[in-house]
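Worksheet: one structure, shown below.
Here, each number is a calculation from the coordinates, and none is a lab measurement. Since this is a predicted model, take the numbers as computed values, not measurements. Using ideal geometry, Cβ is built from the backbone for each residue, glycine included, and neighbour counts are taken over all protein chains shown.
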Amino acid sequence: MSKQTLTEDIYEKLVNTEDARACKAIPEEACREVPGNFLRTLISSFLSKLGDALVNPKITLPWLMQSLGAPLWMLGWLVPIRESGSMLPQLAIASAVRRLAIRKWVWVLGSVLQAVAIAFVAVVAYTLEGSSAGWAILGLLVVFSLARGLSSVSSKDVLGKTIPKQRRGSLNGWAESGAGLITLVVAALLMSGLSTGGNRDLYAAGFGLAALCWLLAGGIFSGIKEFPGETDGGRNGLKEALGRVGLLRTDAAFRHFLLTRALMLCSALAAPFMVVLAQQEMEAALSLLALFMAASGLASLVSGRFWGRFADTSSRRVMVSSGLMTAGTGLLVCLITWFARDWLSVIWVLPVLYFLLSIAHQGVRLGRKTYVVNMAEGNRRTDYVSVGNTLIGVILLLMGFISALEPWIGISGVILVLSLMGLAGSLMASRLPEVEQD
């Protein structure tokens, strides 16, 4: 069996449909390269997600900084820098990307820069302590997030040029399932106690492995067969980029989607509050943290492919369903907190609820990612991704102030507010137009 035949056979088994060769919304020349491009994109995405599992701003980085004696106040900046840092610059980045007929190299550059930044974190783990280590890690995390923005703004555009419309959700679903499996492995290591203590060798090895993952991902992604695309509208730099914010005024469908996506942030924002609630009700042991990681990984593993296939049919309905699931899970947590608080002390209750929330979050992420890729073509897709991610980055920072309500309404009150956001987001999503039927 030739290499090409093997690639095509694997591709057809992964998409598991009779019309695996059917192409939609991509040129005929790109259609011939779909099997190879599908596998290269899938493997590179899997490797980057493996890197993400090893460099977790909610678990790995805080533990490293604490073991090195960094000030506690620095820990509060890890997640905002990691999430918003990759989104905020994308409006400007998109102007440069629009000038390129071949855009896969932007993703490769972002992947290499992420590898370099994380490799230096491994060096910090060996050489620095205290405030110096904390400042170095925060600075490298800024570089990492900016590099991540390069990959983010180009990935959806390359995906839209190389993978048929009815296959994009499946690809994302397989990648999410693979990431879930890796997260389960990391959780098993935590349960076994391999990640306890301040073992610098272990931390350095973990971050070194993550850097290698991003290097390999970049190398594989560079092999994607991408054909030249549109390059208009990329000559006026930041001024041109800022002008694209006018999409919010002129494009009602995009404005509607962006508001829906903002409300759907509740699925990500609610997760830390559930973890904090568990820490308050039970001893914050490593085993409990590992249970939450296992719940997240298992959710990705079992739901990624389901949401992916569902998104190929209707990414709009995926957002509706996952938003309702987010709201329902949050409301259930509130009811238990108010009327059966003793249940929160049962070690499996909150991890199971976190598992349900994680399934919902996978649906939210996969639904909105597939929707934005499918709702436009060419440079308009690049505009949607860059404008949307930049504004969501700002909104994400502002929504961080929701935690300021906790002294007045408690953790359950904050979860209730986020649950109501999920309900509103589902209602908004139900009114979006279908984009998979074009």
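For each of S430, S303, count neighbouring Cβ atoms within 10 Å of the residue's Cβ, then give the residues from fewest to most. All intermediate terms of the calculation are to be shown ahead of the outcome.
Numbers: S430 14, S303 24.
Ascending Cβ contact count within 10 Å gives the list S430, S303.
What is the distance, in nm, between label points placed 7 Å from the Cα along the Cα-to-Cβ direction at V123 and at A96?
Taking the simple label geometry, V123 and A96 are separated by 2.2 nm.
Over all directions, what mean area does the Cα convex hull of the range 340-427 project, stated in square nanometres? List each step's numbers first, then the result.
Values: hull surface 29.6 nm².
Its average projected convex-hull area is 7.4 nm².
How do S345, S44, S314 rank when sorted from fewest to most other Cβ atoms within 10 Å of their own Cβ?
Lowest count first: S345, S314, S44.
Which net charge results for the neighbourhood of C213, defined as the other residues with beta-carbon distances under 13 angstrom from its beta-carbon, given Lys and Arg at +1 and Asp and Glu at -1?
Cβ neighbours under 13 Å give a net charge of 0.
May I ask you to sort K156, K225, K104 by Cβ crowding, counting other Cβ atoms within 10 Å and putting the fewest first? Numbers along the way, then the final one.
Working: K156 20, K225 14, K104 25.
Listing K156, K225, K104 from fewest to most nearby Cβ atoms yields K225, K156, K104.
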